[in-house]
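Engineer: This is the structure I want to talk about, given as structure tokens.
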């Protein structure tokens with residue numbers, strides 16, 4: 001059945017990966033646990049478990065969360081928020097944003113690698 005499905009457009013595959021669905025059909029789950037990809041899509045059967053996103057999702061998540069939290073910290077300082085309230089709020093925001101964004105970014109990266117047909121996450125030559 002895998003050969004009969006046409007390759008979805010890039011943005012459609014990326015959107016499906018971002019929400020945690022199979023980038024090929026959009027119906028099956030992409031993750032079997034928090035950050036572990038399924039071996040094969042339960043609906044269309046496309047192999048997904050061999051895709052290695054490595055550290056790129058973590059780097060992208062750190063970049064986004066860092067910019068959001070530092071920006072909010074600067075706004076809080078300018079607004080005169082006391083430290084006893086601002087520091088715990090920033091810590092909670094950092095943890096919440098990181099835990100919420102990391103699987104979405106990993107799904108996005110995995111869908112992009114699947115779409116590029118780079119299953120190992122790199123362009124190194126295999127020996």
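Taken together, the values in this text are just the output of simple stated rules run on the coordinates, not laboratory data. Computed from a prediction, not measured in an experiment: that's the story for all the values here. Cβ placement follows ideal geometry from the backbone for every residue including glycine, while neighbour counts extend to all protein chains displayed.
Engineer: Condition (residue is more than 20 Å from the chain's Cα centre (by Cα) and buried (at least 16 other Cβ atoms within 10 Å of the Cβ)) applied to the stretch 94-114: is it met by at least one residue?
Structural biologist: No: the stretch 94-114 contains no residue that is more than 20 Å from the chain's Cα centre (by Cα) and buried (at least 16 other Cβ atoms within 10 Å of the Cβ).
Engineer: Which is surrounded by fewer than 12 Cβ atoms within 10 Å (Cβ to Cβ) and either closer than 22 Å to residue 101 by Cα or in contact (Cβ under 8 Å) with a residue 60 or more places away in the chain (or both), of 26, 20, 66, 71?
Structural biologist: Every option except 71 fails the conditions.
Engineer: Do we have any residue at all in the stretch 31-38 that's free of Cβ contacts under 8 Å to residues at least 60 places away in the same chain, assigned to a helix (DSSP H, G or I) and within 23 Å of residue 99 (Cβ to Cβ)?
Structural biologist: no
Engineer: Within the stretch 59-99, how many residues turn out to be in a helix (DSSP H, G or I) and on the phi > 0 side of the Ramachandran plot?
Structural biologist: 0
Engineer: Scan the stretch 9-24 and give yes if some residue there is over 14 Å from the mean Cα position of the chain (by Cα) and part of a loop (DSSP other than H, G, I, E, B), otherwise no.
Structural biologist: Yes; the residues of the stretch 9-24 include at least one that is over 14 Å from the mean Cα position of the chain (by Cα) and part of a loop (DSSP other than H, G, I, E, B).
Engineer: Can you find a residue in the stretch 50-65 that is within 13 Å of residue 110 (Cα to Cα) and touching a strand residue (DSSP E or B) at 6+ places or on another chain (Cβ under 8 Å)?
Structural biologist: yes
Engineer: Let me ask you something else. Mind listing whichever residues of the stretch 22-42 are farther than 12 Å from residue 106 by Cα and in contact with a strand residue (DSSP E or B) (Cβ under 9 Å, 6 or more places away or on another chain)?
Structural biologist: 22, 27, 28, 29, 38, 39, 40, 41, 42
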